[in-house]
Amino acid sequence: MTTTTSAPVRRMPVPDGTVPVGIALLIAGVATYAFLRIGTLAVGGEDEFAPIVSLWFATFALAPGFFLPLEQELGRALAHRRATGDGTGPVIQKVARLGAGLTAVVVIAILAASPLIASDYFDGDWWMVAALVGTFVAYAPAHLARGICSGSGRFKDYAVIMGSDGVVRILLCLALALVGIKAAGAYGFAVALSPLFAVAWVWRRGALRPIMRDRRVVGTDTPAGYTPLDAATSSAAEPDDVGSEATWSEVTPNLGWLLLGSVFAATLLNAGPITVTLLASDNEDGFVTTFSYGVLLARVPLFLFQAVQAALLPGLSGLAARGELVEFRSGMKRLALVVVGVGAVGTGGAFLLGPFAIDLVYQAELGGRTLAALALASGIYMMALALGQAVIALRGHALVALGWGLGVATFVIVTWLSHDELFRRVEYGLLASSLVAMCSFGIALKWKLDSGADPDPDSLVEAATLSN
C-alpha cells in the first residue's frame, strides 16, 4: 500500500524580536496615557500642565524625526556586517559622530530661536526651553543604542530601551509628586532624562558592545547557522578584528531622503497639539491639554496597529525580497483591510464612547465630533504609514519624503485658511494632510508595482523599522 504525504504547509515564521518589540510598543503607549494623567494631578491642573504637554509633542516631533533615520541606517549597516562576518565597531563610531554633529546643529538652532520658542510656545518659561534641549540631547544616544541593538540582533535589549522610557518617566513623575514639587520645569526634565536610564542599563549589560570580525567568514559566503563572534567573548581578538573601515557611503546611502521624510512624518503626527499651543490665546491654556488628551485617545488604534505591524511588515518584506510580488500585493491588500477596519472601529468608537472615555480617564470634556475627526485623521495616517513603508521597501525613499512633505504643506494651508474656530481648523488640517499623504503613497506604490520595481534588502530593513 502506498502512502502519500501531504506537502508541508508553508508558514511565514515570526521574525526574531517581533514579540518583545510588540510588547514594548504597547507598554510605551499605556505609559503615555498614564504619564499625562499623573502629571496633570501632580502639578495641580490642566493649565499648569499645558507647558509639559507642549514639550511632550515638540519632543516627539523633533527627536524621532531626526534620529530615527540614524537608527535605521545604523541597524541596516550592522545587520549587513553581521551577515558577512565583518566587525561592527567602525560603523558604530561613524554613525555616533554623525549623530553628535546632527545633535549639535539642532541644539544650536533651538538656542538661536529660544527667545521666540520661550515667548510664543512656552509662555515665557525658559526652564521648558532648557528641558527641550535636554530631551533632544538625551534621545540621541537612545536612538543610537536602539540601532546598535537591532542591528546586532539583541532584540530584548531593543525592547527594553523602547518600553522602559515611559515607565521611568512615570516613576520620576511620581517621585516629584511625592516630595511636593509642582514646578512644570521639573516634570519637563523628567521627560528629558527618562531615556537615559535604559541606555545605561543595556550598556552595563554589554548590549552596546560591537561585534568583532570573524576571520572564518569575512570575504566568503556566510555558512548556514553562522553566529558572529561577540566582543564579550573575543578577548583575544587582534586590533584589526574590530572590522574594516566604514565609509560614509556605507552608512548614509538613503539618509537624506529618510531624514527628510522622517522629520515631515513626525511633524505631521504631532502637528495638532503643537498648532493648538501656538494659536491658543492667553486664557485658553487648558485647551492645549484637553486637545492633547483627545489626540492621544484617538491614537489608541495607532498604538495597537504599530504593535501588530511588528509582526505583519517583516513578512511582507520577506515576500518582496524573494520577488514574490503577486503575494506582496495580496499581503498589502490584507494589511489595508486591517487598517480600514481598525480605523472604522476607532472612528465610530471615538464618536460614541470617546466623550465618556475622556471624562473617565482625564476628567476632561471633548465632543464626540472632535474625537471622531481626530480618530479618522489617525486612521488615514495609519494607512499612509503602511503604504509609505511599502514604497520604501521598493526603493521609493524620495517618493515617501515627497508625500510626507505634501502632507505638511497641506496641513499649513488648510489650518491657515479653513476656519476661525481653533479646534475645527486643526481637525480639518489633520484630515486633509493625512489624506494627501495617503493618496500620494498609494499612487507611488501602484507606479512602483506596475513598473516592476525590484525590492532592495537594505530598503526592506529601513521599511521594517520606520514606525518604531
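For segment 337-435, just say rounded, prolate or oblate: build the C-alpha gyration tensor, square-root its eigenvalues into a ≥ b ≥ c, call rounded for a/c under 1.5, and beyond that prolate if a/b exceeds b/c, oblate if not. Don't skip to the end; give the middle numbers.
Values: a/c = 3.14, a/b = 1.45, b/c = 2.16.
Here segment 337-435 falls in the oblate category.
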* Asked: Dividing the alpha-carbon radius of gyration of segment 63-147 by 2.2 N^0.38 Å (N being the number of residues), what value is obtained?
  -> 1.35
* To do: May I ask you to evaluate 6.51 cos²θ - 1.76 cosθ + 1.60, the Karplus curve with θ = phi - 60°, for each residue of segment 188-195 and list the ³J(HN,Hα) values in order in whole Hz, giving x for glycine and proline?
  => x, 6, 5, 5, 5, 8, 4, x
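When only Cα pairs under 8 Å and 6 or more residues apart are kept, what is the percent relative contact order across segment 14-251? Display every interim value, and only then the final one.
Numbers: 328 pairs, mean separation 79.9, N = 238.
Worked out over segment 14-251, it gives 34 percent.
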* Any idea what % of Cα-Cα pairs in segment 14-251 are farther than 24 Å? -> 51
* Asked: Quick one: Karplus J couplings for segment 383-391, per residue in order, coefficients 6.51, -1.76, 1.60, θ = phi - 60°, nearest Hz, x for Gly and Pro?
  -> 5, 4, 4, 5, 5, x, 5, 5, 5
* Structure fact -> Sorted by chain and number, the residues with a modelled amide H under 5 Å from that of Gly87, at a separation of 5 or more or across chains, are Arg213, Asp214, Gly243, Ser244
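Taking Cα pairs under 8 Å and at least six residues apart, what relative contact order does segment 42-183 come out at, in percent?
Numbers: 109 pairs, mean separation 56.4, N = 142.
Relative contact order here is 40 percent.
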* Give a residue-ordered list of calculated ³J(HN,Hα) values for segment 53-67 (Karplus: 6.51 cos²θ - 1.76 cosθ + 1.60, θ = phi - 60°; whole Hz; x for Gly, Pro). => 4, 4, 4, 4, 6, 5, 4, 8, 8, 7, 4, x, x, 8, 9
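Computed from the coordinates by the stated procedures, all read-outs in this text should not be read as laboratory data. Bear in mind that the values here come from a model prediction, so they are computed numbers and not experimental data.
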